[in-house]
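**Student:** Dropping a structure here in structure tokens format, bear with me for questions.
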Amino acid sequence: MRKSIITAAALAFPVLIAPALAQAAEPADIAAARIGYFSLVNLEMGGLAAMAKGEAPYDADRAKALAGDLGTLSEYLHDDLLAPGTSNADLAGKTRALPAIWEQTDDYRAKGMAFREAVVGLNEVAGQGQEALAAAVGKVGGTCKACHDSYRAKDF
Ligand code: HEC
């Protein structure tokens, strides 16, 4: 008898959590997660850019750590953050993601891959002095801009 109660509880569990999962996948929540992802990218990039520009003293260990974190982020495939129905045409005021992302998916992905490759290059040289770091950070920055120019609106 007791066993069957436990079984019933176990079966009921997925049913109970299902609405919570559906809630987490609300389009506005996906857009917010996407903005959070890019905020993390921006945070790591900011530390690197400061060293590249000489606004912060070059520190090989810190440069390697920041580049490593950017590497981790660049490997995160953010496909889940690109659910249909989450562009700025769908969610005005909540996202700057342009509908072009979903119209030119291959090009968007190519721009994502260019970013990833530039970050690999950055990781190869991050510990090799300020000049090498600055050049590699500049390359990464170019890939951020290339994607934003085509796929991110200027304003919310
Ligand atoms: C493959 C495309 C792509 C690449 C590469 C990319 N971004 Fe973005 N980024 C976007 C898109 C799309 C958005 C808009 C997200 C939204 O509003 O939903 C965005 C948003 C942002 C935001 C705004 C977050 C906010 O508060 O609204 C920042 C900051 C940012 N990116 C920084 C960077 C930096 C720094 C890099 C490079 C190190 C980078 N991005 C690389 C596509 C890209």
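**Student:** Report, by residue number, each residue of the range 77-88 that is in a helix (DSSP H, G or I), open to solvent by less than 70 Å² (accessible area, probe 1.4 Å) and more than 25 Å from Ala52 (Cβ to Cβ).
**Tutor:** Initially, the range 77-88 is screened for residues in a helix (DSSP H, G or I), giving 78-82.
Now restrict to residues that are open to solvent by less than 70 Å² (accessible area, probe 1.4 Å): 78, 81-82.
The answer is Leu81, Leu82.
**Student:** Given the structure, is Ser74 buried (at least 17 other Cβ atoms within 10 Å of the Cβ) and either without any contact (Cβ under 8 Å) to a residue 24 or more places away in the chain or not in a loop (DSSP other than H, G, I, E, B) (or both)?
**Tutor:** Working: buried (at least 17 other Cβ atoms within 10 Å of the Cβ): yes; either without any contact (Cβ under 8 Å) to a residue 24 or more places away in the chain or not in a loop (DSSP other than H, G, I, E, B) (or both): yes.
Judged against the criteria, Ser74 is a match.
**Student:** Please go through the range 84-140 and pick out each residue that is β-branched (Val, Ile, Thr) and more than 12 Å from the ligand (Cβ to nearest atom).
**Tutor:** Step one: list which residues in the range 84-140 are β-branched (Val, Ile, Thr), which gives 86, 95, 101, 105, 119-120, 125, 137, 140.
Answer for the range 84-140, where residues must be β-branched (Val, Ile, Thr) and more than 12 Å from the ligand (Cβ to nearest atom): Val120, Val125.
**Student:** A further question follows. Could you list all residues from the range 39-55 that are open to solvent by less than 30 Å² (accessible area, probe 1.4 Å) and among the small types (Gly, Ala, Ser)?
**Tutor:** Gly47, Ala49, Ala50, Ala52
**Student:** Continuing with this model, one more query. In this structure, does Tyr37 turn out to be in a loop (DSSP other than H, G, I, E, B) and at pLDDT 95 or above? Full working, then the answer.
**Tutor:** Values: in a loop (DSSP other than H, G, I, E, B): no; at pLDDT 95 or above: yes.
Answer is no for this residue.
**Student:** Which of the residues that make up the range 34-83 are within 9 Å of the ligand (Cβ to nearest atom) and among the small types (Gly, Ala, Ser)? Spell out the reasoning first.
**Tutor:** From the range 34-83, those within 9 Å of the ligand (Cβ to nearest atom) are 34-39, 41-46, 48-49, 70, 73-74, 78, 81-82; that's our starting set.
Listed by number, the residues that qualify are Gly36, Ser39, Gly46, Ala49, Ser74.
**Student:** Return the total of residues in the range 89-106 being open to solvent by less than 50 Å² (accessible area, probe 1.4 Å) and either assigned to a helix (DSSP H, G or I) or within 14 Å of Ala32 (Cβ to Cβ) (or both). Steps first, please.
**Tutor:** Just the residues of the range 89-106 that are open to solvent by less than 50 Å² (accessible area, probe 1.4 Å), to begin with: 91, 95, 97-101.
Then keep just the ones that are either assigned to a helix (DSSP H, G or I) or within 14 Å of Ala32 (Cβ to Cβ) (or both); that gives 91, 95, 97, 100-101.
Looking only at that region, the number is 5.
**Student:** For the range 56-71, which positions are under 18 Å from the mean Cα position of the chain (by Cα) and open to solvent by 20 Å² or more (accessible area, probe 1.4 Å)? Break it down into steps so the answer makes sense when it comes.
**Tutor:** Step one: filter the range 56-71 for residues under 18 Å from the mean Cα position of the chain (by Cα), giving 65-71.
Passing the criteria: Ala65, Gly68, Asp69.
**Student:** Here's something else I'd like to know. When you go through (1) farther than 26 Å from Glu55 by Cβ; (2) part of a helix (DSSP H, G or I); (3) hydroxyl-bearing (Ser, Thr, Tyr) one by one for Thr143, which number turns out not to apply?
**Tutor:** Answer for Thr143: the failing condition is (1).
The values are calculated or read from the model by the stated rules, or taken from the named source; none is laboratory data. Since this is a predicted model, take the numbers as computed values, not measurements. Using ideal geometry, Cβ is built from the backbone for each residue, glycine included, and neighbour counts are taken over all protein chains shown. We work out accessible area using only protein heavy atoms, side chains counted, and drop any ligands, DNA or RNA first. Shrake-Rupley method; radii C 1.70, N 1.55, O 1.52, S 1.80 Å.
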